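Enquirer: Quick one: structure below, then a few questions.
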Amino acid sequence: MGQRMTTAHIPGSGNNLDQWYGHYAARTAGLAASEVRALFAVASRPEVVSLAGGMPFVSALPKELISGAIERVMATRGAVALQYGSGQGMPALREQILEVMALEGIRAGVDDLVVTTGSQHALELVTKLFINPGDVVLAEGPSYVTAITVFKSFQADIKHVAMDEFGLIPEALRESITQIKAAGKTIKFLYTVPTFSNPTGITLTWERRLEVLEICRSNGILVLEDNPYGLLYFEGQPPHAMRSVEEDGVVYLGTFSKTLAPGFRVGWALAPHAIREKLILANEAAVLSPSSFTQHVISEYLDSADWKGQIETFRGVYRERRDAMLAALGDYLPDLSWTTPAGGFYVWVTLPDNIDAKSMLPRAVKELVAYTPGTAFYADGSGRNKLRLAFCYPTPDFIREGIRRLSTVINGERELLNTFSQTTALPVMRPETSMSNPPANLG
Ligand SMILES: Cc1ncc(COP(=O)(O)O)c(C=O)c1O
């Protein structure tokens, strides 16, 4: 009979909460769960309008297109689709991915691609290949939250580079590089989402793309271009991908998550030869081979369905939701400022200086609306008075209702802060400190 081990049996280790505390690798220090995670569990209740998560609206994809593809795969090559596959990914699918990328001006060879388990996994593999603890990753400020998690999990030193309404600011990039080099640190890559960025929705202009590439080239810095949203444009095609003009200095990440469905978990990396060889080995070490089954199903779908027409359908759905969100912001919160995305999933809102979006979130969830606080998108605590709103999932009516609820919360917060700022007898009740305890109603 096995005896259950208690903390006392493990030499020099745990505590009452975690018997393995003290055994974890140092890199796991970067894997702290965010404080807003628990709230998001509440926010997923149906009565809450969630403007928080970036979930694609997969219901706009006719299910029979997928069930038909699955049936044909099983009837014609079921045994192969259920088997392990190549660590680099299925050659036929890689050919088709070339066609997808050609829509954004990218020309490449089928051998240059590695299929991964979503682009998230490609992000992790590239980070694993390049980052030693303390190495610098340059990233837009703000940046995709789960990229920050990956970089932290490899103990990278994340340095944000400022952006404006035209994307990353080249001059700010130059200055950061000079400062970091002067401090004797090694910059391994620039991580960028240049088209319809997550979380801002902003797109880097073509001129700036060329300038950023030139700056990175002349400083020996690799560019990691992450482009999940580029084909989801609402006003006409955005500038071509950075990879379309620079082969040797760019690793490009793509995915079927937003143009088809994230449940397949199929993405890819397009990388210069030497990097790609290492990526294949790292991919094999991590997963042996990406899912053969979902690669076959996607390949069959691309062969048989009007996939470009389906992307057009998605554009229409998201354009309508973007419009609903911008109109509602204009109606309910006219004195705030926000970005106007020409594609993608997100609007980035700036609150008055003294409002802390993270502290306000419990109140918002109580009013049955959720968003993502701006601090989630920075590694350095910036973004307190910012928040990200995702318009991809709720219907236009729900979006409008969500913004109405949000306006109630923001206006309530303003009143509260005005009251405190006029009460000289309560000098310690500054917004930062007054919010540090959870509100009683959520306690
Ligand atoms: C900027 C960015 N990169 C990568 C990903 C991950 O996507 P995937 O589903 O391909 O792993 C996302 C998902 O939201 C994203 O917004």
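The values are calculated or read from the model by the stated rules, or taken from the named source; none is laboratory data. What you see is a predicted model; the values in this text were computed from it and never measured. Reconstructed Cβ throughout: ideal geometry from the backbone, glycine too, with neighbour counts over all protein chains shown.
Enquirer: Considering every residue within the range 328-340, establish whether at least one is within 22 Å of the chain's Cα centre (by Cα), surrounded by fewer than 22 Cβ atoms within 10 Å (Cβ to Cβ) and not polar (S, T, N, Q).
Expert: yes
Table: residues versus (1) in a loop (DSSP other than H, G, I, E, B); (2) out of contact with any strand residue (DSSP E or B) (no Cβ under 9 Å at 6 or more places or on another chain).
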residue	(1), (2)
N354	yes, yes
A379	yes, no
D397	no, yes
L406	no, no
N411	no, yes
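Enquirer: Could you please find all residues in the range 185-215 being surrounded by 19 or more Cβ atoms within 10 Å (Cβ to Cβ), of a type outside the set (A, V, I, L, M, F, W, C) and under 23 Å from A379 (Cβ atoms)?
Expert: Correct list: K188, Y191, T192, P194, T195, S197, N198, P199, T200, G201, T203, R208.
Enquirer: Also, I was wondering about something else. Collect the residues in the range 381-395 that are more than 15 Å from the chain's Cα centre (by Cα), touching a residue at least 60 places away in the same chain (Cβ under 8 Å) and assigned to a loop (DSSP other than H, G, I, E, B), keeping them in residue-number order.
Expert: We begin by selecting, within the range 381-395, every residue more than 15 Å from the chain's Cα centre (by Cα); these are 381-386, 393-395.
When the remaining residues are screened for being touching a residue at least 60 places away in the same chain (Cβ under 8 Å), the result is 382-383, 386, 393-395.
Passing the criteria: S382, G383, Y393, P394, T395.
Enquirer: Consider L281 carefully, then state whether it is outside any loop (DSSP other than H, G, I, E, B) and touching a Ser or Thr at 6+ places or on another chain (Cβ under 6 Å).
Expert: Values: outside any loop (DSSP other than H, G, I, E, B): yes; touching a Ser or Thr at 6+ places or on another chain (Cβ under 6 Å): no.
Against the criterion (outside any loop (DSSP other than H, G, I, E, B) and touching a Ser or Thr at 6+ places or on another chain (Cβ under 6 Å)), L281 does not qualify.
Enquirer: If you don't mind, there's one more thing I want to ask. Determine if the range 278-295 includes at least one residue that is of a type outside the set (A, V, I, L, M) and without any contact (Cβ under 8 Å) to a residue 12 or more places away in the chain.
Expert: Here is the first cut: in the range 278-295, the residues of a type outside the set (A, V, I, L, M) are 278, 283-284, 289-295.
Of the ones still in play, those that are also without any contact (Cβ under 8 Å) to a residue 12 or more places away in the chain are none.
No, the range 278-295 contains no residue that is of a type outside the set (A, V, I, L, M) and without any contact (Cβ under 8 Å) to a residue 12 or more places away in the chain.
Enquirer: How many residues, within the range 28-60, are modelled with pLDDT of 90 or more and closer than 24 Å to V150 by Cα? Even if it seems obvious, please write down each step before you answer.
Expert: Within the range 28-60, the subset modelled with pLDDT of 90 or more is 47-52, 54-60.
With closer than 24 Å to V150 by Cα added as a condition, the list becomes 51-52, 54-56.
Total meeting the criteria: 5.
Enquirer: While we're looking at this one, here's another question. Mind listing whichever residues of the range 221-238 are closer than 25 Å to T178 by Cβ and part of a loop (DSSP other than H, G, I, E, B)?
Expert: I221
Enquirer: So, one more: Hey, among the residues in the range 142-156 that are free of Cβ contacts under 8 Å to residues at least 40 places away in the same chain and surrounded by 20 or more Cβ atoms within 10 Å (Cβ to Cβ), which one's farthest from D380 (Cα to Cα)? Break it down into steps so the answer makes sense when it comes.
Expert: Applying the first criterion (free of Cβ contacts under 8 Å to residues at least 40 places away in the same chain) to the range 142-156 yields 146, 150, 156.
Applying the additional criterion that residues be surrounded by 20 or more Cβ atoms within 10 Å (Cβ to Cβ) yields 150, 156.
Details: V150: 15, A156: 13 Å.
If we take residues in the range 142-156 being free of Cβ contacts under 8 Å to residues at least 40 places away in the same chain and surrounded by 20 or more Cβ atoms within 10 Å (Cβ to Cβ), then V150 is farthest from D380 (Cα to Cα).
Enquirer: Now a separate question. Output the residues belonging to the range 239-274 that are part of a helix (DSSP H, G or I) and either within 16 Å of the ligand (Cβ to nearest atom) or surrounded by 22 or more Cβ atoms within 10 Å (Cβ to Cβ) (or both).
Expert: Filtering the range 239-274 down to residues part of a helix (DSSP H, G or I) leaves 242-244, 262-264, 273-274.
Across the range 239-274, the qualifying residues are M242, R243, P262, G263, F264.
Enquirer: Mind checking which residues of the range 217-226 are within 15 Å of the ligand (Cβ to nearest atom) and touching a Lys or Arg at 6+ places or on another chain (Cβ under 8 Å)?
Expert: Let us first name the residues in the range 217-226 that are within 15 Å of the ligand (Cβ to nearest atom), namely 223-226.
Hit for the range 217-226 is E225, nothing else.
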